[in-house]
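**Q** Before anything else, here's the structure in question.
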Amino acid sequence: MSDVITVFKGDGIGPEITDSVLAILNAAGAGLTYEIFSVGAAEYEAHGALIPDEAFASFEKNKVLLKSPITTPLGTGFRSLNVMMRKKYDLYANIRPAKSNAAIKTPFGGVDIVIFRENTEDLYAGIEEMVDENTARSIKVITRKCSERIIRDAFDYAVNQGRKKVTCVHKANIMKLSDGLFRNIFYEIAKEYPQITAEDKIVDNVAMQLVMHPQQFDVIVTENLYGDILSDLASGLIGGLGLLPSSNLGSDYAMFEAVHGSAPDIAGKGIANPTAFLWSACMMLEHLGKNETAAKIRRAVDEVLADGSVMTPDLGGSATTKEYEAAIIARL
Ligand code: ATP
């Protein structure tokens, strides 16, 4: 596979965390060539396109994208650039690992959950209308094809990573047809994986269980909206959005991004935590077969966090993004 990757710099804290992550990848000897593009609100104001054609063409050529957060400006006709990218390239599997780090103090220890979020349908299908001026309608779409592939990916991951259990999260007691279909398909596919425990839970119960006994969860597979909400919750269990990476995988393309948004409230202050984006880059290195480089970076981050003297403000420290980046590079 090509070692040339496409990088979208994005908005808000996007450019800051991208610079740090690329500096760390280079210092770790990742051996990558980057095609870097400015995308999003700033690009739209400067050149009239949110994502320039060359940026799409680069991703279509390289197949691997490291994408920092993008703000979708209001009034541009796009509902969400993030949703558009996932649908355009059929990046159906959004994989979000939330793992406790001993150095980050939270009320919860021993969390190690991987959320498989279906990325292309559900209430994100974009079918919305005003029935009359006081009534709006959004249609939830659940299909066998999209459910089967995300559920199968979750079980395959469990087998390959030596995990024990997959939990299907749904609300089939109320949405008997749509969520009922998702749950039924889950148990059909579970039969192909007798070595993995399969269970299902209702989403509201899961929200409560996650803050009472998060250690019971191993791999979670769920629909788009529940996955969005529960993964932000999971980030809270491990220390916040600055620590939750993700990959978005389809059969042809792969996109790696932090779960957080562009954090406009801290943009330009040089204090953003680049860890979630850096760990997303590590998932990208693993996708490219560069496991040793990913492990080296993960070790350096763990050492810096364990040392505790150079932490960004979201983790209770006072370091800048650049100081944190330098501390990681020093450990490499
Ligand atoms: P979106 O809708 O795109 O997810 P949002 O505005 O809902 O965006 P975020 O941009 O993710 O949410 O920000 C939520 C909060 O988390 C903000 O207070 C932001 O400053 C904080 N935050 C997000 N990412 C980071 C980060 N990498 N480092 C520090 N704080 C962060």
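**Q** What nm value, rounded to one decimal, do you get for the distance between H287 and I36 when each label is placed 7 Å out toward the C-beta?
**A** 2.0 nm
**Q** Please list 3J(HN,Hα) in residue order for the range 19-30, calculated via the Karplus relation 6.51 cos²θ - 1.76 cosθ + 1.60 where θ = phi - 60°; whole Hz, with x for glycine and proline.
**A** Here the 3J(HN,Hα) series is 4, 5, 5, 5, 4, 5, 4, 5, 5, 7, x, 5 Hz.
**Q** Calculate the FRET efficiency for E129 and S309 from the Cβ-Cβ distance with a Förster distance of 51 Å, rounded to the nearest 0.05. The partial results should precede the final answer.
**A** On the way: r = 55 Å, r/R0 = 1.07.
For E129 and S309, the calculated efficiency is 0.40.
**Q** Another question about this same structure. If you average over every viewing direction, what projected area does the convex hull of the Cα atoms of the range 259-332 give, in nm²?
**A** 5.0 nm²
**Q** Could you count how many Lys pairs in the range 20-138 have their Cα atoms under 18 Å apart, skipping same-chain pairs fewer than 8 positions apart?
**A** Summing the qualifying lysine pairs gives 6.
**Q** Could I ask something else about it? Apply the a/c threshold of 1.5 to the C-alpha gyration tensor of the range 134-266 and tell me whether it is rounded, prolate or oblate.
**A** Rounded.
**Q** Based only on other Cβ atoms within 10 Å, what is the fewest-to-most ordering of L243, L315?
**A** L315, L243
**Q** What does the charge dipole of the range 210-290 about its Cα centre add up to, to the nearest 20 debye, if the Cβ of each Lys and Arg holds +1 and the Cβ of each Asp and Glu holds -1?
**A** 300 debye
**Q** Rounded to the nearest 0.05, what FRET efficiency do T106 and K269 have when you use their Cβ-Cβ distance and R0 = 25 Å?
**A** Given R0 = 25 Å and the Cβ-Cβ separation, E is 0.55.
**Q** Let me ask something else. List the relative contact order of the range 71-156 as a percent without decimals, with contacts defined as Cα pairs under 8 Å and 6+ residues apart.
**A** Once normalised by length, the contact order is 23 percent.
**Q** May I pose another question? For a label point 7 Å from the Cα of I139 along Cα→C-beta, name the residues of the range 180-198 whose backbone N is under 19 Å from it.
**A** Taking a point 7 Å out along Cα→Cβ of I139, the residues of the range 180-198 whose backbone N falls under 19 Å are 180-182.
**Q** Under 8 Å for C-alpha pairs, at least 6 residues apart: give me the relative contact order for the range 3-66, rounded to a whole percent.
**A** That works out to 49 percent.
**Q** Which whole-number percent gives the relative contact order of the range 131-199, counting Cα pairs below 8 Å spaced six or more residues apart? List each step's numbers first, then the result.
**A** On the way: 63 pairs, mean separation 26.3, N = 69.
Relative contact order for the range 131-199 comes out at 38 percent.
**Q** Hey, got the dipole for the range 72-201? About the Cα centre, +1 on K and R Cβ, -1 on D and E Cβ, debye to the nearest 20?
**A** So the magnitude is around 440 debye.
**Q** Name the residue from L237, G268, M84 whose Cα lies farthest towards the positive end of the charge dipole of the chain, charges +1 on Cβ of Lys and Arg and -1 on Cβ of Asp and Glu.
**A** Comparing the listed Cα positions along the dipole, L237 ranks first.
**Q** Roughly how many nanometres apart are two label points built 7 Å out from the Cα toward the Cβ at S318 and K165?
**A** It works out to 4.4 nm between the two label points.
**Q** Sticking with this one: List the residues whose amide H sits under 5 Å from the amide H of I115, counting only those 5 or more places along or on another chain, with H placed 1.01 Å from N in the peptide plane.
**A** Correct list: R96, A98, I220.
**Q** Compute the distance in nm between two label points, each set 7 Å from the Cα along the Cα-to-Cβ direction, one at E60 and one at L74.
**A** Roughly 3.3 nm, to one decimal.
**Q** Per-residue HN-Hα couplings for the range 94-103, Karplus 6.51 cos²θ - 1.76 cosθ + 1.60 at θ = phi - 60°, whole Hz, x for Gly and Pro?
**A** 9, 10, 10, x, 10, 10, 4, 10, 4, 7
**Q** State the answer as a single residue: which of V111, L315, I329 lies farthest towards the positive end of the charge dipole of the chain, with beta carbon charges of +1 for Lys and Arg and -1 for Asp and Glu, about the Cα centre.
**A** V111
**Q** Within a 10 angstrom radius of the beta carbon, how do F37, F59 rank from fewest other beta carbons to most?
**A** Listing F37, F59 from fewest to most nearby Cβ atoms yields F37, F59.
**Q** Among G162, I150, S58, whose Cα projects farthest towards the positive end of the dipole of the chain, with charges put on the beta-carbon of Lys, Arg (+1) and Asp, Glu (-1)?
**A** Towards the positive end, the residue furthest out is G162.
**Q** Also, I was wondering about something else. With a cap of 16 neighbouring Cβ atoms within 10 Å, and only residues DSSP puts in a loop, list the trypsin sites (Lys or Arg not before Pro) found in the range 41-89.
**A** Taking the range 41-89 and a limit of 16 other Cβ atoms within 10 Å, the loop trypsin sites (Lys or Arg not before Pro) found are R79.
**Q** Still on this structure, please answer the following. What share of Cα pairs, in percent, lie more than 38 angstrom apart in the chain?
**A** The calculated P(r) of the chain puts 14 percent of pairs beyond 38 Å.
**Q** With +1 on the Cβ of every Lys and Arg and -1 on the Cβ of every Asp and Glu, and nothing else charged, how large is the dipole of the range 189-332 about its Cα centre, in debye rounded to the nearest 20?
**A** Magnitude of the dipole: close to 440 debye.
**Q** For A330 and L233, what is the calculated FRET efficiency with R₀ set at 25 Å and r taken between the beta-carbons, to the nearest 0.05?
**A** Calculated transfer efficiency: 0.15.
FYI, it's all coordinate maths here, none of it is from the lab. All values derive from a computational prediction rather than experimental measurement. Ideal geometry is used to build each Cβ from the backbone, glycine not excepted, and the neighbour counts take in all protein chains shown.
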